[in-house]
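K.L.:
Quick one: structure below, then a few questions.
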Amino acid sequence: MESTHRTRSRIRGVAMWLLLPRLKAPLIALIIAYSVSILGLVLIPGQEPGGGVYYLSFLDAFFVVSYTATTIGFGEIPHPFTAQQKMWMLFVMYSTVIAWLYAIGSVLSVISDPGFRRLRAYQRTVGRIQAHKQPFWIVCGYGGAGNQVIRFMDQSGIRSVMIESNQTRADTAKLSDMTYDLDVLVGDASLPQTLVDAGVQSALCRGVLALTDHNQTNLTIATNTRILAPRVLVHARSESDANTRNLRSFNTDVVIDPARVAARSLTQLIRKPRAFALYHELVDPDFNQIEILNVPDSGHWVVCAGDRLGDNITEAFLRAEIPFCLVSPEVSTIADSITWVQGLGTEANTLRQARITEAVGIVAGTNDDGDNLSILLTAQTENERLITVARRNKPTSEPVFRQGNFHYVLREGRIIAQEMYARITTPLLHQFIGQLEGMPEALVQGIIEKLNQRLGNQSPDLAHFDISLDAEDAPGVLPFLNTARGPKVADLLVDPGADHLNMPLICLLLVRFNGDLVPFPGEGLLLEENDRMLLWGAAGSHHRLHLLIRRADLFDSVLSSRRKTAG
Amino acid sequence: MNTQRVWFAFFTVLALTLNFGFFVGEIDNPAHHNLYEFFFALIVSLIATILKIGDRSHLGAVLLATSLVADLQLIAAAVIWGYGSQVTGHVSGNVMASIVSLAGGAMLANVTSVILLIAETIQLKR
């Protein structure tokens, strides 16, 4: 096993040696044609103008053959050729020119060989990956999710390396608008060697995202990574429950099932619109505002969805006790206690059977974008006040869905990218989202109001970031911890400028060194060494906070002024 | 029997024998060193080099390297010979001595090649 691995990498190492054997025949033909021609010219006697006999030297013969073979043709030197020499020259011309063209042709065909060029491009990419100095993630599959997640990661300054088996998609990936040159390895991510070439065993590799369209490929990527690089994190996309269980069985760090996440998001949207708005702002770097959708508490939903999404929504709605009517072409496998109408939902008649006029909202979740748009347009003519949720399947349909003024659009790729992004950027964010799931709606409302109060009447773009109170990040705060001056959470959220105004920031989560979680800590909570905090507020305010926690003199003046006003 | 191996061994050994034939004789006496023998030694050495391309084993790499050394030495000798005879007009004893000593170096490389070839053959298990 060891030896096959080495042979393989050696072949990949020098593509030129792989192709030189193909040049053997033309090179030998060229040498033989040259040597026979030269020898003939040297042996055949020539005639000097005076009538004497002479023989061409090897230098002259080599010279004549060289310019004949390359079709330059300087003429007959050193003296006009005799009939005997001319006859030999005829042989020389045809044999050497043909041998020469054969050799040149072979070299050109080897260089322009598509396989050879792919191999060269692959090797150059591997070389660039090996030269990386920054930590990176390996993203397998440039689909809707892969495309989105590398952009999200780029916005947080995290680099990625892409593996894509489809040449056309790989070319698109290379053209994507990033702050760095994305390295795209064209290869099959389910092969272990491809992962190794992408740098999975490098000390800088942080994790692997298995985002291809095939469950089996994602599973293979996860198993291969577990064995090749056990310390590297694996996040995998899974589109069946069996596959999810399989992935979990060998401790895949994160398994994301888009249908399940979509069903959970919908439930959250209906039951806890504020938590949903907060979640949405935090996990999507493209979405920088809090927008709360007002969903009436009573009334039923019409869900048009057939495949796994339909099953997952049914399950989630039943658990959350949301009244709904399922519209699907086939009978649902989950329960017969639900109201069910057969059909796609594209016809007004079907929707009327599902009592569309009394419904609060509609979910158009079939796996065809045309059908989904048709469902929503039909539903809107039946009932104008409906809350509309659309599922967008193909990224190419995005313009219509963006223009459609739907209340919420489920985008599978984006859902996966958001979930992964939340886990990759900072572990604190993921911990907070875990807390958010169980948080009562009133508390979430409190968090949002608190931030709005600090923002005043402005509505800047929102962002989140984390800090740790350790010697590296916060040398300005450490000297005051555990002293009588007892710095509190509120003391950090202050502008270091002269007036010590409150900054447009709040603390969402504080994690103690021993792992205790304090979600939405009160402002009077005492800080301790090695606390880690997740902060949320106006984008850009982290610069001022970082300044404050680095400079002991600034923090000292903040503490003194606040004690004065308090006392 | 493998035809390719036959040609491979043939050219490797022929490169050595021709090279030796040219090398023997008084080092500075042009009458002892045949021009045509030298020409064939060079051509055969070049062909032997091409035949050695493509074997990616360790032994193959060393064989190719020795062959390249022989080519380099012989080409250097050819250049000196051509310069001596065409530019200065005649091949003096001094020039012949340097040609033959370069060819002698090439012969050492060819000897190494043949020894490696024999070693490899003896190691074969059938």
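The values are calculated or read from the model by the stated rules, or taken from the named source; none is laboratory data. A quick note: this is a predicted structure, and the numbers were derived from the prediction, not measured. A quick note on method: Cβ atoms are made from the backbone with ideal geometry, for glycine too, and the neighbour counts reach across all protein chains shown.
K.L.:
Just the residues that are part of a helix (DSSP H, G or I), among the small types (Gly, Ala, Ser) and surrounded by fewer than 17 Cβ atoms within 10 Å (Cβ to Cβ), please, taken from segment A:222-280.
P.N.:
A:ALA242, A:SER249 - these are the residues of segment A:222-280 that are part of a helix (DSSP H, G or I), among the small types (Gly, Ala, Ser) and surrounded by fewer than 17 Cβ atoms within 10 Å (Cβ to Cβ).
K.L.:
To continue, here is another question. Which one of these does A:PHE513 not meet: (1) modelled with pLDDT under 85; (2) under 41 Å from the mean Cα position of the chain (by Cα); (3) part of a loop (DSSP other than H, G, I, E, B)?
P.N.:
(1)
K.L.:
Exactly one condition in (1) modelled with pLDDT under 90; (2) assigned by TED's automatic domain parsing to the domain that holds A:THR172 is false for A:ILE138; which is it?
P.N.:
Evaluating A:ILE138 over (1) modelled with pLDDT under 90; (2) assigned by TED's automatic domain parsing to the domain that holds A:THR172 leaves (1) as the failure.
Condition check ((1) more than 30 Å from A:THR220 (Cβ to Cβ); (2) in contact (Cβ under 8 Å) with a residue 24 or more places away in the chain) across all residues:
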| site | (1), (2) |
| --- | --- |
| A:VAL255 | no, no |
| A:ALA263 | no, yes |
| A:ARG274 | yes, yes |
| A:ALA277 | yes, yes |
| A:GLU281 | yes, yes |
| A:ASP284 | no, yes |
| A:VAL302 | yes, yes |
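K.L.:
B:TYR36 is checked against (1) of a type in the set (Ser, Thr, Tyr); (2) within 14 Å of chain A (Cβ to nearest Cβ); (3) crowded, with 18+ Cβ neighbours inside 10 Å and fails just one. What number does that condition carry?
P.N.:
The single condition B:TYR36 does not satisfy is (3).
A quick yes/no check of all residues on (1) within 28 Å of A:GLN155 (Cα to Cα); (2) at pLDDT below 85; (3) among the hydrophobic types (A, V, I, L, M, F, W, C):
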| residue | (1), (2), (3) |
| --- | --- |
| A:LEU443 | no, no, yes |
| A:GLY446 | no, no, no |
| A:PRO460 | yes, yes, no |
| A:SER468 | yes, no, no |
| A:PRO479 | no, yes, no |
| A:ASN482 | no, yes, no |
| A:GLY486 | no, yes, no |
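K.L.:
Can you give me the number of residues within segment A:152-169 that are assigned to a helix (DSSP H, G or I) and crowded, with 19+ Cβ neighbours inside 10 Å?
P.N.:
Of the residues in that region, 2 qualify.
K.L.:
If you don't mind, another one. Just for segment A:24-65: of the residues that are touching a helix residue (DSSP H, G or I) at 6+ places or on another chain (Cβ under 9 Å) and among the charged types (D, E, K, R), which one is farthest from the other protein chains (Cβ to nearest Cβ)?
P.N.:
The qualifying residue farthest from the other protein chains (Cβ to nearest Cβ) is A:ASP60.
K.L.:
Report yes if B:ILE75 is within 13 Å of another protein chain (Cβ to nearest Cβ), more than 12 Å from the chain's Cα centre (by Cα) and among the β-branched types (Val, Ile, Thr), otherwise no.
P.N.:
No; evaluated as a whole, the condition is false for this residue.
K.L.:
So, one more: Go through (1) surrounded by 15 or more Cβ atoms within 10 Å (Cβ to Cβ); (2) assigned to a helix (DSSP H, G or I); (3) away from chain A (no Cβ under 14 Å); (4) not basic (Lys, Arg) for B:ALA48 and report which single condition fails.
P.N.:
(3)
K.L.:
Could we say that A:ALA236 is closer than 21 Å to A:ARG414 by Cβ and in contact with a Phe, Trp or Tyr (Cβ under 9 Å, 6 or more places away or on another chain) here?
P.N.:
So A:ALA236 fails the test.
K.L.:
With respect to B:VAL62, is the statement that it is within 12 Å of chain A (Cβ to nearest Cβ) and either touching a residue at least 40 places away in the same chain (Cβ under 8 Å) or surrounded by 15 or more Cβ atoms within 10 Å (Cβ to Cβ) (or both) true?
P.N.:
Values: within 12 Å of chain A (Cβ to nearest Cβ): no; either touching a residue at least 40 places away in the same chain (Cβ under 8 Å) or surrounded by 15 or more Cβ atoms within 10 Å (Cβ to Cβ) (or both): yes.
Here the answer is no, as B:VAL62 does not meet what is asked.
K.L.:
Among the residues of segment A:172-214, how many are without any contact (Cβ under 8 Å) to a residue 12 or more places away in the chain and not in a loop (DSSP other than H, G, I, E, B)?
P.N.:
1
K.L.:
Among the residues of segment A:119-130, is there at least one that is modelled with pLDDT of 85 or more and under 23 Å from A:THR425 (Cα atoms)?
P.N.:
Looking through segment A:119-130, at least one residue is modelled with pLDDT of 85 or more and under 23 Å from A:THR425 (Cα atoms).
K.L.:
Would you mind finding the one in A:GLU449, A:GLU472 that is under 22 Å from A:GLN435 (Cβ atoms) and of a type in the set (Asp, Glu)?
P.N.:
Numbers: A:GLU472 fails: under 22 Å from A:GLN435 (Cβ atoms).
Selected residue: A:GLU449, the only one of A:GLU449, A:GLU472 that is under 22 Å from A:GLN435 (Cβ atoms) and of a type in the set (Asp, Glu).
K.L.:
Given segment A:1-47, what helices (runs of 4 or more DSSP H) lie entirely inside it while holding 1 or more residues that are in the same structural domain as A:TRP100 (by TED's automatic domain parsing) and modelled with pLDDT of 75 or more?
P.N.:
Counting at least 1 such residues, we get A:24-43.
K.L.:
A follow-up question, please. The conditions are (1) surrounded by fewer than 16 Cβ atoms within 10 Å (Cβ to Cβ); (2) farther than 20 Å from B:GLU120 by Cα; (3) within 14 Å of chain A (Cβ to nearest Cβ); (4) of a type outside the set (Val, Ile, Thr), and B:ALA97 fails exactly one of them. Which is it?
P.N.:
Evaluating B:ALA97 over (1) surrounded by fewer than 16 Cβ atoms within 10 Å (Cβ to Cβ); (2) farther than 20 Å from B:GLU120 by Cα; (3) within 14 Å of chain A (Cβ to nearest Cβ); (4) of a type outside the set (Val, Ile, Thr) leaves (3) as the failure.
K.L.:
A follow-up question, please. Quick one: what pairs do we get from segment A:445-460, first residue small (Gly, Ala, Ser), second surrounded by 12 or more Cβ atoms within 10 Å (Cβ to Cβ), C-beta under 8 Å, 6+ apart or different chains?
P.N.:
A:GLY446/A:PHE520; A:GLY456/A:PRO504
K.L.:
Separate question: For segment A:516-561, give me the residue count where each residue is among the basic types (Lys, Arg) and part of a loop (DSSP other than H, G, I, E, B).
P.N.:
Residues that pass the stated criteria total 1.
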